[in-house]
Amino acid sequence: RMGNGAFAAVNSKLVIMNASSLLLAHAEARQRGWVTSGTSAKDLYDAGVTESFAQWAQTMPANYLTGGAADYNSGAGTGTIGGATVPGSNALTTDNLKRIALQQYISFYPDGVQGWSNWRRTDFPNLKATINAVPAGTQIPRRYKYGNTDFATNKAAADAAAARLG
């Protein structure tokens, strides 16, 4: 567990993957049938969400997992992400895999690259570019671009790889 304020000190421990992320990844694997024995997907999910709150020394709302927004069987998720500047963006969940993906997204904080990568993999939550994006109409990037160095030092391979991506 990282605990409250764990990233504030110069000598803070570096967390490669937190416990809640591991539990939620296991829940996803169980839900998808990749793991067929052991703890149920629901129990792994509940443990992952509970650990997500514990890692920040926060109290989970009493009904969060039992009838609340994160209930594994019936939770609705979160209505809006980003407020009025992100129209149509939401984390409303309609199935167990989306509930797991939403909790993974939350659990990855403050590791934005991990959250972004999981969002690209699952396409959830339903993130939208802000209306303040510059230039207007810009979308959230789905992948990194090849850098100038790639084209300068290995042009033929970089061009071929870029062409395969479309």
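The values are calculated or read from the model by the stated rules, or taken from the named source; none is laboratory data. None of these values were measured; they are calculated from a predicted model. Backbone-built Cβ (ideal geometry, glycine too); neighbour counts: all protein chains shown. Accessible surface is based on the protein model in full, side chains and every heavy atom, while ligands, DNA and RNA are left aside. Shrake-Rupley method; radii C 1.70, N 1.55, O 1.52, S 1.80 Å.
Electrostatic tally near Asn90: other residues with Cβ closer than 14 Å to its Cβ, Lys and Arg +1, Asp and Glu -1, net +2. With R₀ fixed at 30 Å, the C-beta to C-beta distance from Asn73 to Ala29 puts the FRET efficiency at about 0.95. Neighbours of Asp71 by Cβ distance under 11 Å: Lys/Arg scored +1, Asp/Glu scored -1, total +1. Within the full protein context, the accessible area of Leu165 is estimated at about 100 Å² for a probe radius of 1.4 Å.
Per-residue SASA remark: Val113, around 80 Å² accessible (1.4 Å probe; ligands, DNA and RNA not included).
Among all the lysines, which ones have a C-alpha under 19 Å from Lys42's C-alpha, if same-chain residues fewer than 8 places away are not counted? Result set, ordered by chain and number: Lys98. Solvent-accessible surface of the chain, taken per residue with a 1.4 Å probe and all protein chains present: 61 Å². Modelled spin-label separation between Val15 and Thr66, with each label point placed 7 Å from Cα along the Cα-to-Cβ direction: 2.6 nm.
The 3J(HN,Hα) values that the Karplus relation (6.51, -1.76, 1.60; θ = phi - 60°) gives for the range 139-146 are, in residue order, 9, 5, x, 9, 7, 6, 8, 5 Hz. Gly and Pro appear as x.
Counting only trypsin sites (Lys or Arg not before Pro) that DSSP places in a loop and that have at most 15 other Cβ atoms within 10 Å, the longest clean stretch of the chain runs over 14-141. Here the scattering of the range 90-166 is modelled by Debye summation over its C-alpha atoms, one equal scatterer each and no solvent; at q = 0.21 Å⁻¹ the log10 of I(q)/I(0) is -0.97. The aspartates and glutamates within cross-link reach of Lys13, meaning a Cα-to-Cα straight distance under 16 Å and a gap of 8 or more places when in the same chain, are Asp111.
Applying the Kirkwood pairwise sum to the alpha-carbon positions of the chain produces a hydrodynamic radius of 18.1 angstrom. Legend: calculated FRET efficiency, Gln139 to Leu92, from the Cβ-Cβ distance at R0 = 25 Å, rounded to 0.05, equals 0.75. Computed on the range 118-163, the Cα convex hull volume stands at 112 Å³ per residue.
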